[in-house]
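Written below as C-alpha cells is the structure these notes are about.
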Amino acid sequence: MQAVHEDIDRVLFTEEDLRARVKDMGRQITADHEGESLLVVSVLRGAAIFMADLVREIDLPLEMDYMAISSYGNGVKSSGIVRILKDLTSSVEGRHVLIAEDILDSGLTLKYLIRNLESRNPASIEVATLLRKKTKAQADIDCRYVGFECPDEFIVGYGMDYAERYRNLPYIGVLKPEVYERAQ
C-alpha cells in the first residue's frame, strides 16, 4: 500500500483504481466515436492530469485544448459566479467536443461551460468526468462518461487541490477537515 500524506483522512481511489478506470473510459470513448476526430477540452487545473491519462487511452485522432474556469475563488465552496480565466485557442465549430472534467460537484461551472461551448456551434458536446459527487443540489448535467461516484467530502489528489496543494498525490483521498477548517 502506498504511503498516505499526513493531511489525508483516507484514500478513496488508489493509483491502480484510477489507472484501470481511465483505461476503461478511454476504450469506451474510442468505441463510441469510431471514425470521428475529437477535440478534448480540459478544465484547468484540476482536470489536466486526468485528461493527460485519458487521451493516451483514446485510439482516435484528437486535439487537446485547455480552458481555465473558476467558480471557487479562494474558498472551499463554489461562489456561484463563473468566470473564464483562459479560453480555448481552437475553434469548436463543427467539431466533436469531449470535456474532460476532474469532478462534478455543484455542476455550476460545467453547466456554464457547456452553454458557452454550445454557443460556438460544435457538432456535439459530451462530458467525461472522473468523479461525480453525490450531492443534493447538483445541476442536471448529462455526463456520458463517469469514472467513479464519490461521497460529498473534500477530495484532493490526482490533479485536485486545496489551496494549490495535493495535486501531485497519485491517488484520490479525503482531506482531513481540520486542514481546511483552520484556514477559514
Inter-residue pairs, beta-carbon under 7 Å, first under 15 Å from L60 (Cβ atoms) and in the range 13-39, second exposed (fewer than 15 other Cβ atoms within 10 Å of the Cβ), 6+ apart: T30/D59; S37/P61; L39/E63; L39/S90
message: Based on this model, can you work out whether I141 counts as more than 21 Å from D65 (Cα to Cα), touching a residue at least 24 places away in the same chain (Cβ under 8 Å) and not in a strand (DSSP E or B)?
response: yes
message: I want to confirm something. Restricting to the range 129-138 and keeping residues that are out of contact with any Ser or Thr (no Cβ under 9 Å at 6 or more places or on another chain) and charged (D, E, K, R), which single residue is modelled with the highest pLDDT?
response: R132
Members of the range 40-56 that are free of Cβ contacts under 8 Å to residues at least 40 places away in the same chain and small (G, A, S): A52
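Every residue, every condition in (1) of a type outside the set (S, T, N, Q); (2) loosely packed, with under 15 Cβ neighbours inside 10 Å; (3) part of a helix (DSSP H, G or I); (4) in contact with a Leu (Cβ under 9 Å, 6 or more places away or on another chain), yes or no:
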site	(1), (2), (3), (4)
H5	yes, no, no, yes
E16	yes, yes, yes, no
R19	yes, yes, yes, no
V22	yes, no, yes, yes
I29	yes, no, yes, yes
E34	yes, yes, no, yes
V41	yes, no, no, yes
- prompt: If you check E101, E126, E93, which single one turns out to be in contact with a Ser or Thr (Cβ under 7 Å, 6 or more places away or on another chain), of a type in the set (D, E, K, R) and either modelled with pLDDT of 95 or more or assigned to a strand (DSSP E or B) (or both)?
  reply: E101
field: Given (1) modelled with pLDDT under 95; (2) surrounded by 14 or more Cβ atoms within 10 Å (Cβ to Cβ), index of the condition L169 fails
entry: (1)
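Yes/no matrix, rows are residues, columns are (1) small (G, A, S); (2) part of a loop (DSSP other than H, G, I, E, B); (3) within 23 Å of V22 (Cα to Cα):
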site	(1), (2), (3)
L110	no, no, yes
L130	no, no, yes
A137	yes, yes, no
Y180	no, no, no
query: What are the residues in the range 158-178 that are in contact with a Gly (Cβ under 8 Å, 6 or more places away or on another chain), part of a strand (DSSP E or B) and over 30 Å from S37 (Cα atoms), if any?
result: I172, G173
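The values are calculated or read from the model by the stated rules, or taken from the named source; none is laboratory data. What you are looking at is a predicted structure, and each value in this text was computed from that prediction instead of being measured. Quick reminder, even Gly has a Cβ in these numbers, built from the backbone with ideal geometry, and neighbours come from all protein chains shown.
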